[in-house]
1. Packing-wise, with mean Cβ within 10 Å as the measure, how do 206-214, 103-111, 86-94, 123-131 rank, highest first?
2. Using a 1.4 angstrom probe on heavy atoms only, work out the carbon and sulfur share of the accessible area of the chain in %.
3. Per residue, what volume in Å³ does the convex hull of the Cα atoms of the chain enclose?
4. Provide Rg and Dmax in Å for region 52-151, with only Cα atoms included in the calculation.
5. Where the convex hull is taken over the Cα atoms of region 108-224, what is its projected area averaged over directions, in nm²?
6. Determine the calculated [θ] at 222 nm for the chain from helices alone, applying -39500 (n - 2.57) to every DSSP H run no shorter than 4 residues and normalising by the residue count; nearest 500 deg cm²/dmol.
Amino acid sequence: VAFDLFEPRFCELLLAEVDAYEATPLPRRRPNTMNRGGLIVNEIGLEPLMDLLLRRLIAPLAAHLYSAEPFAASLDHHHSFVVAYRHRGDECGLDMHHDASEATLNVCLGREGFTGGGLRFCGRFGGEAHRRNVAVADHAVGRATLHLGRQRHGADDLTSGERLNLIVWARSSAFRAAAAYGYIAPDGYPKEPEQARPDLECLSLANDDDYHEQRARQAPSGEG
């Protein structure tokens, strides 16, 4: 689900906080194993704001939208960070993946002049159609998208400019403990066999062992 969340001025203030911290020699950790650009906002004084987002927005909205999910009423902590994409940079997009979260809030903070880089969604991890194309959400400054963490997704390449996004990985301690102790399947969900040929847009170089095989199989005659 997508909706307008932050005013442009508020996005500017958040970007100013990130830029000010990046300009210092203070230590910082990068967000995750996939994103080298950006930083963890919980560690630069913004954790109380992220707590508020989880408590007042993400948790109640997820409970309503995903009421059938076992974690629906138990989101209680988060990993929150900013990621950066730059046209012609090392990171102008992001490979297909699913998140280490139960639900994810993705908010475009922007920079002036960015184009492209849509948020592409495929199926859900564990489902038979997890590599089938579903939709592409366009980014606009202040606009948020809330989705299940196991929804496969990626960032299409930017065609110009630079864009920063605030990401909140919302998690449930109870759900994760149940998986850790074997009460539910590892990762929370059993894997259903794939029933149809995957869409090329939904393949992941980093996460799919058959990436090159699928690309070759679907290449037009005379290519590959």
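The values are calculated or read from the model by the stated rules, or taken from the named source; none is laboratory data. Given the structure is predicted, the values throughout are model-derived calculations rather than measurements. Positions of Cβ are backbone-derived with ideal geometry, glycine not excepted, and every protein chain shown enters the neighbour counts. Remember, those area values only see protein heavy atoms, side chains included, never the ligands or the DNA or RNA. Shrake-Rupley method; radii C 1.70, N 1.55, O 1.52, S 1.80 Å.
1. So the peptides 206-214, 103-111, 86-94, 123-131, ranked by packing, come out 103-111, 123-131, 86-94, 206-214.
2. Solvent-exposed carbon and sulfur of the chain make up 51 percent of the total.
3. 139 Å³
4. In order Rg, Dmax, the Cα atoms of region 52-151 give 14.5, 42 Å.
5. 9.3 nm²
6. After summing the helix terms and dividing by the residues of the chain, the value is -5500 deg cm²/dmol.
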